[in-house]
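The values are calculated or read from the model by the stated rules, or taken from the named source; none is laboratory data. Bear in mind that the values here come from a model prediction, so they are computed numbers and not experimental data. Positions of Cβ are generated from backbone atoms using ideal geometry, with glycine treated the same way; all protein chains shown enter the neighbour counts. All accessible areas refer to the heavy atoms of the entire protein, side chains included, with ligands and DNA or RNA removed. Shrake-Rupley method; radii C 1.70, N 1.55, O 1.52, S 1.80 Å.
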Amino acid sequence: MIKAVRGTRDLLPPDTALWNFVEKTVREVFEAYNFQEIRTPIFEETQLFSRAVGEETDVVSKEMYTWEDGIKAADYAVYKKWITARNPNVKAWQGINPNAASPAAPLPTWHENGQDYFVFSYRLTPEVMNELKKAAVFRDKGILSFNNLRLVTAQAIPDTVRFDVENLSVICETLPVDTRPIWQTLRPENTAGVVRAYIEHKLEKRGLNKLYYIGPQFRRERPQKGRYRQFYQIGAEIIGPKSAGSESPVRDAEILEMLATLLDRLGIKGWTLEMNSVGSSAERVKFNEALRVALEPVKDKMCADCQRRAVTNPLRVLDCKVPEDQPIIEKLPRISQFLDEDSRKHFDQVQEILKAVGVEFQINDRLVRGLDYYTRTAFEFTHGALGAQNAILGGGRYDGLSESIGGPPAPGIGFAIGEDRLVMTLQETMGSVQQKADVYIAPLGNGMNIEAARLARELRRGNLVAELGDETFRLKKSFETADKIGARYILIVGENETKSGVFALKNLATGEQVSVPRSELAVKIKG
RNA sequence: GUGGGAAUAGCUCAACUGGCAGAGCACCGGACUGUGGCUCCGGCGGUUGCGGGUUCGAUUCCCGUUUCCCACCCCA
């Protein structure tokens with residue numbers, strides 16, 4: 001049996017009704033704040049994400065669905081030549097026919113900058129495949145993950161396998177434009193796509209843009225409760241030229257207040273808004289340096305994770321939850337000490353407005369964000385009932401993002417809601433929402449299907465939810481079905497009714513049955 | 001990617017130290033020919049995730065594998 005692939009799932013009724021409720025509420029609330037919907041493609045050029053989200057982030061370095069597109073077979077000569085020229089140690093090209101099996105040939109590899117590289121594009125036999133499998137985690141198609149590299153296949157394994165070297169971006173820049181492979185990636189988040197569209201369509205000429213989106217995103221990470229490889233996000237962005245007010249703390253507060261309103265409208269209880277200012281990118285560089293210095297003498301006493309983070313990403317040390325580390329973390333410098341006057345004023349005013357409009361929040365000066373593009377205000381809404389993943393949404397300001405991917409200056413702020421998790425919390429509080437029919441139409445006796453179909457069309461055109469039976473069903477079965485689908489009324493279409501034009505309509509909840517002339521049916525059922 | 005747990009009917013779950021694969025719900029039919037919810041009776045439903053091994057015999061024990069769940073890593 002073919003099953004949904006790992007980490008993906010079908011959303012079935014009646015759950016889909018809950019999803020629709022969420023999305024309908026989102027549209028109503030967001031549009032009240034004058035946001036308009038944007039739909040961007042679900043895949044983009046890989047470099048959009050690596051530049052916007054950050055080359056070194058986990059999202060980009062190992063958790064994206066990526067493939068190569070746009071390189072022709074003939075162009076491999078150029079590709080190959082370039083690789084060989086750059087890596088004189090690669091001798092393995094000799095004797096490798098891309099189209100022939102090479103069972104005995106060892107994998108061509110070389111070592112550089114502490115990294116193992118494999119060369120791409122040749123045919124693998126089952127024997128070679130088995131060798132590979134020993135050293136690798138096997139995926140059916142598309143990608144083989146090794147410890148230090150990823151292997152991307154153009155076609156189904158185990159036929160032709162192409163190896164993606166890790167320094168791919170360099171290759172892309174050096175190859176002639178017309179032979180450059182275009183790497184494409186399923187979007188792991190939507191902000192980069194929105195900003196790309198903003199730049200591409202010169203939306204800055206329209207002043208302040210308030211855009212929202214609802215849609216699937218993709219990450220190749222290990223599935224867990226509420227974490228899927230295809231997951232859904234709801235998000236909104238305010239972006240525009242500074243002169244249109246996009247940098248104003250009014251926007252930060254507006255977004256936060258809108259989110260509080262949304263959660264209340266959805267009936268989600270017990271959420272907490274935590275926020276912090278992570279400063280401008282210049283301020284963060286200083287802060288990072290200070291953290292590194294402060295960590296140097298104490299990191300040996302910390303947990304293994306923190307020792308690693310102290311080197312790779314000092315900011316994340318602040319996130320550590322290990323109890324023994326807390327006293328050390330308490331003594332580390334705080335980003336607030338590095339904010340300049342503008343940043344501090346900005347953050348102060350956000351808080352002032354929130355207090356004025358009555359939105360409760362907590363300052364969490366250890367809140368940091370994982371993506372490179374965030375500046376100044378960063379926030380999270382958390383909810384207790386979510387296990388290890390207690391954040392249902394997160395976001396922040398990204399004043400430099402547009403410029404970092406080649407656009408005009410365009411300060412902005414946005415957020416993304418994990419819709420899967422949001423729906424999950426709603427399921428716990430609301431249970432399921434069953435779609436209910438207004439009326440079940442029960443044709444009774446030979447030839448009654450025709451009249452029943454006519455009636456169904458009339459009632460449905462009157463905006464009623466009508467389910468239609470079949471003349472071969474016994475009346476008892478029709479009643480049972482009507483109950484099962486939660487119909488409020490059952491309409492009996494028998495010979496007597498058809499002849500007289502007066503139909504038997506029974507209220508299934510009260511048991512009351514009345515005779516109703518054809519023309520009054522819709523009104524009676526609605527009433 | 002790491003560690004732990006699990007997988008049996010459409011759903012929720014049983015099956016003792018290895019011995020005929022079961023129940024409830026759901027579904028279909030009947031009691032009941034144009035009047036439902038209740039009740040009673042009957043029926044359908046399975047390659048026990050997949051592949052191998054041990055055994056006279058495996059849902060049960062062992063190995064591999066896939067998927068899900070929980071936690072870690074990480075994160076909107």
Looks like the range A:439-526, by Cα gyration tensor root eigenvalues a ≥ b ≥ c and the a/c under 1.5 rounded cutoff (else prolate when a/b is bigger than b/c, oblate otherwise), is rounded
Reported to the nearest 10 Å², A:Asp10 has, with a 1.4 Å probe, an accessible area equal to 110 Å²
Under the 7 Å Cα-to-Cβ spin-label approximation, A:Asp342 and A:Leu475 lie apart by a distance in nanometres of 8.0 nm
For A:Trp271 the rounded accessible area (nearest 10 Å², probe 1.4 Å, non-protein molecules ignored) is 50 Å²
One checks the Cα atoms of the range A:268-406 and finds Rg and Dmax, in Å, of 15.8, 46
Accessible-area order for A:Glu63, A:Glu512, largest to smallest, probe 1.4 angstrom, reads A:Glu512, A:Glu63
From most to least accessible, 1.4 Å probe, no ligand or DNA/RNA atoms counted, A:Arg316, A:Arg308 line up as A:Arg308, A:Arg316
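Going from the alpha-carbon gyration tensor of the range A:281-339, what semi-axes, largest first and in whole Å, does one get by taking the root of 5 times each eigenvalue?
Ellipsoid half-lengths, sorted descending, are 19, 11, 10 Å.
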Toy charge model, Lys and Arg Cβ at +1, Asp and Glu Cβ at -1: the range A:281-339 dipole around Cα centroid in debye, rounded to 20, equals 120 debye
Note: probe point = Cα of A:Arg9 + 7 Å toward Cβ; backbone nitrogen < 17 Å; residues of the range A:188-227 passing the test are A:216-227
Result: in the range A:185-334 the number of Lys pairs with C-alpha under 28 Å apart, spaced 8 or more or on different chains, is 18
With label points set 7 Å from each Cα along the Cα-to-Cβ direction at A:Arg222 and A:Asp319, the distance between them in nm comes to 1.6 nm
Per its Cα gyration tensor (rounded if a/c is under 1.5, else prolate when a/b beats b/c, else oblate), the range A:443-485 is best filed as oblate
